[in-house]
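As structure tokens, the structure follows; a few thoughts come after it.
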Amino acid sequence: MTYGWAILVVLVAVTALSYFGILSPDMFVPEKCFLPADITCLDFNVETSRIILVLQNNFGEIITIDRVAVAKKGGSSCSDTESVMLNNNAKVIITISGCNNGNIGEKFYGEINMTYTKESLLTHLIEGSIRAKITGESTISSSSICQNAEDGGLCDGLDILFGVGYKDLCCSEYDLCCS
């Protein structure tokens, strides 16, 4: 009889832990960004409305990244079509905005598709994957947004559109919109 009660208590505890998500397999899956060896995903952040990737060129020659798209498994996709020339061993931060990744704290599973052009002028496609926990918005600025605001005289509107402090980030990161 005592063993029966002990087994019942253990079953109730395991059931409660499973019900509240503590024993969910998603809790133990590590965050990962994977691309083929020629492009290294050094760092990444998945936010509710954007994805930030830090990539490094390992091709041994200059490449131009033409497009980076991330498709959420079973959901929406978003892309960045801003062309970026990248020297060998150089790093770049790619910010993909306008995404619908889910809620803070949820797991994100996605496929990365990147189109790039080598010095031979041939276009190539590589595929990878990303798995991460969705976080809140971070304070990192985009060089193209900062440059466009500087060129158009719209620097004062950056804080209104992208949040307080965005103009200061443009100044500190890219020396743009400092006046």
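A few notes on this one:
- Gyration tensor verdict on segment 31-138 (Cα atoms; rounded if a/c is under 1.5, prolate if a/b is larger than b/c, oblate otherwise): prolate
- For the chain, the number of Lys pairs with C-alpha atoms closer than 28 Å, counting only pairs eight or more positions apart or on separate chains, is 19.
- For segment 84-179: rounded, prolate or oblate by the Cα gyration tensor [a/c cutoff 1.5]: oblate
- Sorted on the mean count of surrounding Cβ atoms within 10 Å across their residues, most packed first, peptides 38-45, 11-18 read 38-45, 11-18.
- Helices that extend 20 Å or more along their long axis by alpha-carbon positions and average at least 0.0 on the Kyte-Doolittle scale are, among the DSSP H runs of the chain, 2-19.
Only the coordinates and a few stated rules stand behind these numbers; no lab work does. Since we're looking at a predicted model, the values are computed, not measured. Backbone-built Cβ (ideal geometry, glycine too); neighbour counts: all protein chains shown.
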